[in-house]
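Everything below concerns the one structure shown next.
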Amino acid sequence: MTLPALINKTNNAENVVALKKTYETLSQAFYRISADNSGIVNALSSVITDEDLANIFIPKLTVIKNCGTASAKDTGCFTDTTYKYLNGSDWSNLADSTALGSILTADNIAYAFNITNTNCTSDYSSPAETISSPLYNSCGWVMVDINGPNKGPSVVGRDTFEFWITKKGIYPRGSYPNSGSYDCTTSGFGFGCAGKIILEGAINY
């Protein structure tokens with residue numbers, strides 16, 4: 001195995017571990033919030049902004065920086081760069097966003113929270129989920145950069161992943177095989193890779 005291939009394999013293995021840890025951390029935070037508030041839906045009933053959503057999770061996470069909805073590049077939560085889709089095209093500069101509740105935790109993971117429905121009555125996926133699906137009642141989502149603000153590659157599906165915040169729990173995007181949520185190919189955007197990686201325990205693309 002060549003040195004670049006070995007480095008890539010090592011980085012992939014580290015990212016799998018970090019992603020699984022992040023999923024566990026978010027899930028534990030969700031259930032602690034639920035226990036404190038008789039269910040997260042009650043806690044979200046007063047949420048209006050993305051920063052409000054972040055503030056619900058902050059007490060349950062080891063937060064070292066709360067960037068709020070200010071430019072995250074000024075406070076150090078996200079890398080000041082244009083993040084890429086898995087296919088290599090430009091996506092977004094999360095550091096410049098003033099519409100996401102951004103935080104950085106002690107394990108150097110950056111989180112950007114977005115509220116989509118305060119009553120958790122929306123169906124975020126496409127095509128629509130059945131009413132029995134955990135994804136049927138979506139409250140919002142959180143994007144995580146598992147490398148934090150100072151390390152690349154800043155690519156969706158490589159070190160940047162999305163989780164749904166729903167009425168029933170936290171779910172990695174790509175957990176359910178429909179066309180809107182399960183995209184994880186090198187020719188696509190990569191938003192469904194979190195579920196694929198956690199299911200397979202590896203980055204196989």
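The values are calculated or read from the model by the stated rules, or taken from the named source; none is laboratory data. On a predicted model such as this, the values are computed, not experimentally measured, just so you know. We work out accessible area using only protein heavy atoms, side chains counted, and drop any ligands, DNA or RNA first. Shrake-Rupley method; radii C 1.70, N 1.55, O 1.52, S 1.80 Å.
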### Summary
For residue 80 the rounded accessible area (nearest 10 Å², probe 1.4 Å, non-protein molecules ignored) is 90 Å²
## Note on the structure
Here the gain from full extension of residue 21 to residue 108, 0.36 nm per residue of separation minus their alpha-carbon distance, amounts to 30.1 nm
#### Entry: Solvent-accessible area of residue 31 with every protein chain in place, 1.4 Å probe, in Å² to the nearest 10
140 Å²
### Summary
Honestly the range 13-58 on the Cα gyration tensor test (a ≥ b ≥ c root eigenvalues; a/c under 1.5 rounded, otherwise a/b vs b/c for prolate or oblate) is just oblate
